[in-house]
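See below for the structure under consideration.
Just so it is clear, none of the values below were taken in a lab; they were calculated from the coordinates. It should be emphasised that the depicted structure is a prediction, and the values quoted were computed from it without experimental measurement. Cβ placement follows ideal geometry from the backbone for every residue including glycine, while neighbour counts extend to all protein chains displayed.
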């Protein structure tokens with residue numbers, strides 16, 4: 001029996017070594033063919049690479065910081081090899097970003113796919129990750145005209161107002177008790193609720209088990225995305241990423257699926273009036289339309305809702321947390337913003353979303369936060385066809401990483417780029433018959449791209465601006481703020497967490513001091 005076991009182990013080892021050798025040989029031949037082909041191209045600058053690993057050893061736990069460091073040394077357009085088979089173009093300046101977002105927008109209108117994307121329950125049927133083509137163009141049209149257009153934003157204004165009021169009630173309670181509050185968690189709850197009500201007419205951030213499940217699923221999804229996005233760089237061993245994280249990714253998606261199926265059934269049974277329809281109502285109408293330009297499947301609908309839920313829950317909440325952190329650390333800016341709100345709104349009512357156009361300094365504060373802390377530090381594209389940037393050849397299927405963190409801190413465009421200075425977005429103008437007026441200054445496409453730009457720019461940016469501006473204005477109007485778990489620390493900890501996003505390493509815990517109670521009877 002011992003002999004048989006030894007023989008079986010021996011044959012297994014031989015098979016494993018043969019398979020490993022075959023994969024390495026195949027990878028080596030592919031790599032050699034690519035290198036030979038690359039010799040005929042005028043490629044962007046590239047640091048020295050290691051065998052097999054390529055430039056992977058140059059990337060640390062924080063991708064945007066690693067790419068920013070490389071660009072500072074080698075220039076704003078870099079050509080890297082990730083593992084044995086993946087090319088990566090790194091874009092890190094405003095002028096280079098406009099080559100991708102504008103000049104060659106169509107050539108860079110694809111997203112790179114994950115190594116085992118097709119084996120997940122929704123596959124590549126999500127809108128944000130879909131390849132550029134008939135389905136993507138159809139869904140972009142639906143998003144911009146029906147889901148996230150001006151009409152839908154106006155209809156959902158009451159939802160944002162109610163969720164902000166709910167947040168203020170919780171903060172007021174802490175302020176009256178002179179207790180600190182985890183404002184970061186509360187802002188996440190607000191965006192979670194607002195997104196769920198907009199998408200599916202349900203609040204999922206209460207104290208129920210389902211609420212806890214949703215919040216955990218969002219966090220788990222973001223963690224998994226950070227891990228699986230590097231699957232393709234493993235070349236012949238890319239299946240390893242599926243063996244490590246595939247089951248987790250499937251489990252998370254199926255938990256979402258169970259919630260979406262239940263809410264889908266409720267919508268089919270009850271429905272909503274025309275002026276009360278949420279995103280799921282609209283998508284179900286498109287799904288059932290046999291004459292639609294593109295016939296959506298059940299998975300298309302659920303994948304889009306999942307995209308919206310994950311994006312809407314995390315990004316705006318993080319931006320608001322950074323905004324409040326910067327305001328607490330810069331009390332003169334906080335005071336100036338409160339004075340603007342008081343001069344426009346007065347002292348007898350709560351600031352409203354309709355006031356935002358008349359609050360240029362508020363808009364400048366939010367834009368400056370987005371410049372320094374974009375929702376996604378690095379956005380990705382893939383080159384659909386061979387093209388040129390500044391005379392350099394960019395081969396087809398090259399993955400592209402646009403480092404928005406670096407682009408919006410480009411010293412060629414921004415004075416003192418690492419400083420929090422909202423005034424950079426303001427311009428004073430003299431209008432005949434009026435005193436000097438301060439208005440919000442628009443930025444060029446090459447300057448200010450917190451939500452990306454071009455065809456693949458985020459379609460939900462208007463919704464994000466409305467939510468962030470209204471919430472920050474309310475928190476500033478109603479409260480003064482003291483930093484720290486005891487409310488007596490001078491500064492908020494501004495450490496950034498690891499991963500693809502610019503999330504705070506430590507949630508914003510602070511002490512609210514009540515200045516104005518909007519719920520008190522006059």
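Per-residue Cβ neighbour counts within 10 Å put 189, 247 in the sequence 247, 189, beginning with the fewest. Taking each residue as 0.36 nm, the span from residue 141 to residue 52 lengthens on full extension beyond its C-alpha to C-alpha distance by 27.8 nm. Placing R0 at 45 angstrom, the Cβ-Cβ distance between residue 418 and residue 288 gives a FRET efficiency of 0.30 after rounding to 0.05. Overall form of the stretch 43-90: oblate. Here a/c, set by the Cα gyration tensor axes a ≥ b ≥ c, is 1.5 or more, and a/b is not larger than b/c. Look at 267, 332, 506 and count the other Cβ atoms within 10 Å of each Cβ; fewest to most, that gives 332, 506, 267. Put simply, the C-alpha atoms of the stretch 41-514 give a gyration tensor, and the ellipsoid matching it has half-axes of 35, 29, 23 Å, longest first. With a ≥ b ≥ c the root eigenvalues of the C-alpha gyration tensor of the stretch 239-358, is it rounded (a/c under 1.5), prolate (a/b larger than b/c) or oblate? It is oblate, given that a/c is not under 1.5 and a/b is not larger than b/c. Centroid-to-centroid, using Cα positions, the stretch 488-511 and the stretch 102-149 are 32 Å apart. In terms of other Cβ atoms within 10 Å, 81, 170, 424, 381 run from fewest to most in the order 170, 424, 81, 381.
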